[in-house]
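I have placed the structure first, in the form of C-alpha cells, so that the comments after it can refer back to it.
The values are calculated or read from the model by the stated rules, or taken from the named source; none is laboratory data. Everything numeric here is computed off the predicted structure, so don't read it as measured data. Neighbour counts run over all protein chains shown; Cβ positions are idealised from the backbone, glycine included.
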Amino acid sequence: MRALLVLALLLSAALAEEVPNHDFFRITQTTSRSTTTPGAWRYAITPRTKEARRYWAETAGFWVRSLKIGLPVRLGPLVVEAGRAGLTLKPGCERYRPSCYTRPVLPEGLEDWKLDLILVDFHNALVWALSDARKHAKPYPATVALSKFLRLHVNPEGPFLAEPLGWKP
C-alpha cells in the first residue's frame, strides 16, 4: 500500500513538471549567408496568431517602457536590465512560473489568464531557442530575436549579450 502511495506521488510530481503549449509563438530558424559570418544560426520568435500579437504588443511595449525608465524586466530564464553600458542579462528562473515574468497591466479586452497561456508558450519558445542556439553557436555566435523587443547574441561558452530590437534605450 505504501509503495503505491509513493508511486502515485512520484507520478503526480512528474506530471506537474509538464508545461502545456498552446502554439501562440513561431520559431523561425535560418543560417547566415553573409561573407563575414557564413553559417551563423539565427532564430526569430514571433507571435503566430492575431490574439497572440495583441498580447505580445502590450507586453513587449510594457517591457520596453520599463527598461527605458531603468526598471529590470524578468523574462523567465533571463532578467534584462538597462544601464549606461547598454542592456545586461542575468540568470532568471530555471522553471516556468508566472512570477518569473514582469507582467503588464492589460487594457480593457485583454485577460490575465490568457496572458498566462501566452507567457507559457513564450517561455517554451525562448528556452528551446536559447538551448538550440547554444549548440549551434560555433564558430560564430547565434542570435535569437524576440519580435520588436530584443536580439540576444548567444556564445557557445560565454555569456549572452543583448541589444534592443526595434527601439532605442
Check: Pairs under 7 Å by beta carbon, first residue at positive phi in the stretch 64-86, partner part of a helix (DSSP H, G or I), six or more apart or different chains?
Finding: 76/100; 76/123; 76/126
Next item on the list: Would you point out which residue out of 105, 73, 80 is more than 30 Å from residue 34 (Cα to Cα), out of contact with any helix residue (DSSP H, G or I) (no Cβ under 6 Å at 6 or more places or on another chain) and not charged (D, E, K, R)?
Entry: 105
Note to self: Which condition from (1) in contact with a Pro (Cβ under 6 Å, 6 or more places away or on another chain); (2) among the small types (Gly, Ala, Ser); (3) more than 24 Å from residue 28 (Cα to Cα) is the one that residue 137 breaks?
What the structure shows: (3)
Check: For the stretch 32-53, how many residues are more than 22 Å from residue 143 (Cα to Cα) and either in contact with a Lys or Arg (Cβ under 8 Å, 6 or more places away or on another chain) or at pLDDT 95 or above (or both)?
Finding: 1
Check: Of all the residues that make up the stretch 87-98, how many are in contact (Cβ under 8 Å) with a residue 24 or more places away in the chain and farther than 18 Å from residue 153 by Cα?
Finding: 2
Note to self: Can you say whether residue 55 is farther than 17 Å from residue 162 by Cα and surrounded by 17 or more Cβ atoms within 10 Å (Cβ to Cβ), as far as the supplied structure shows?
What the structure shows: yes
Check: How about the stretch 125-168: which of its residues are under 19 Å from residue 47 (Cβ atoms), assigned to a loop (DSSP other than H, G, I, E, B) and in contact (Cβ under 8 Å) with a residue 60 or more places away in the chain?
Finding: 147, 148, 149, 167
Notebook entry, point to check: Any idea which residue in the stretch 105-149 is surrounded by the most Cβ atoms within 10 Å (Cβ to Cβ), counting only those that are in contact with a strand residue (DSSP E or B) (Cβ under 9 Å, 6 or more places away or on another chain) and among the hydroxyl-bearing types (Ser, Thr, Tyr)?
Noted result: 143
Checklist line | Selection from the stretch 37-77 of residues that are of a type outside the set (S, T, N, Q), within 20 Å of residue 26 (Cβ to Cβ) and part of a loop (DSSP other than H, G, I, E, B) | finding: 48, 76, 77
Next item on the list: Give the residues of the stretch 78-124 that are over 25 Å from residue 168 (Cα atoms), assigned to a helix (DSSP H, G or I) and either under 12 Å from the mean Cα position of the chain (by Cα) or of a type in the set (Phe, Trp, Tyr) (or both), sorted by residue number.
Entry: 113, 118, 120, 121, 124
Next item on the list: Would you please name the residue that is modelled with the highest pLDDT, looking only at residues in the stretch 5-31 that are farther than 26 Å from residue 103 by Cβ and surrounded by 12 or more Cβ atoms within 10 Å (Cβ to Cβ)?
Entry: 29
